[in-house]
1. Inspect region 28-39 for any residue being at pLDDT below 90, part of a helix (DSSP H, G or I), within 24 Å of residue 90 (Cβ to Cβ) and in contact with a strand residue (DSSP E or B) (Cβ under 9 Å, 6 or more places away or on another chain) and give the result as yes or no.
2. Against the condition more than 16 Å from residue 99 (Cβ to Cβ), modelled with pLDDT under 90, not aromatic (Phe, Trp, Tyr) and not in a helix (DSSP H, G or I), how does residue 23 come out, does it pass?
3. Can you name every residue in region 80-94 that is over 11 Å from residue 26 (Cβ atoms), part of a strand (DSSP E or B) and touching a residue at least 12 places away in the same chain (Cβ under 8 Å)?
4. I need a count of the residues in region 40-79 that are crowded, with 19+ Cβ neighbours inside 10 Å and in a loop (DSSP other than H, G, I, E, B).
5. Go through (1) within 18 Å of residue 41 (Cα to Cα); (2) modelled with pLDDT under 80 for residue 113 and report which single condition fails.
Amino acid sequence: MEPSTSNRATVAFEKALATRCTERHVLRLYVAGACARSQQALLGVRRLCEAELKGEYDLEVIDIYQQPLLARAGQIVATPTLVREFPRPVRRLIGDLSSATNLFVGMNLDTRGKRPR
């Protein structure tokens, strides 16, 4: 007897979950132009990502002046704003993003339990 289509899909999905290496963090940084505060936020976020996430992240930088529709869709009311889209739940950190400690705690980046590659 041949397995059903939904059963095959479930088996394939479970196999894909079992073989994936690690979770990638998906982050969005909303900034307002190329001002010093925006540059400082970008530098702080990149430093934290390289130190703690070691390449296991996707960072999208969105300038709200150049892409106002994306800011509106993301319900951004202040900059700089860092949004962790994945892993869930979504986390938002608004304001001073220059402190690595505040970023680490605010984004709830627990890298201790990561599986090795």
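The values are calculated or read from the model by the stated rules, or taken from the named source; none is laboratory data. What you see is a predicted model, and the numbers here were worked out from it, not measured in a lab. Cβ atoms come from the backbone with ideal geometry, glycine included; neighbour counts cover every protein chain shown.
1. At the first step, the residues of region 28-39 found to be at pLDDT below 90 are none.
Checking region 28-39: not a single residue is at pLDDT below 90, part of a helix (DSSP H, G or I), within 24 Å of residue 90 (Cβ to Cβ) and in contact with a strand residue (DSSP E or B) (Cβ under 9 Å, 6 or more places away or on another chain).
2. Details: more than 16 Å from residue 99 (Cβ to Cβ): yes; modelled with pLDDT under 90: yes; not aromatic (Phe, Trp, Tyr): yes; not in a helix (DSSP H, G or I): yes.
Answer is yes for this residue.
3. Looking only at region 80-94, we keep the residues that are over 11 Å from residue 26 (Cβ atoms), and these are 80-82, 89, 91-94.
Add one more test, that the residue is part of a strand (DSSP E or B), and what stays is 81-82, 91-94.
Those that are over 11 Å from residue 26 (Cβ atoms), part of a strand (DSSP E or B) and touching a residue at least 12 places away in the same chain (Cβ under 8 Å): 81, 82, 91, 93, 94.
4. Final tally of qualifying residues: 3.
5. Exception for residue 113: condition (1).
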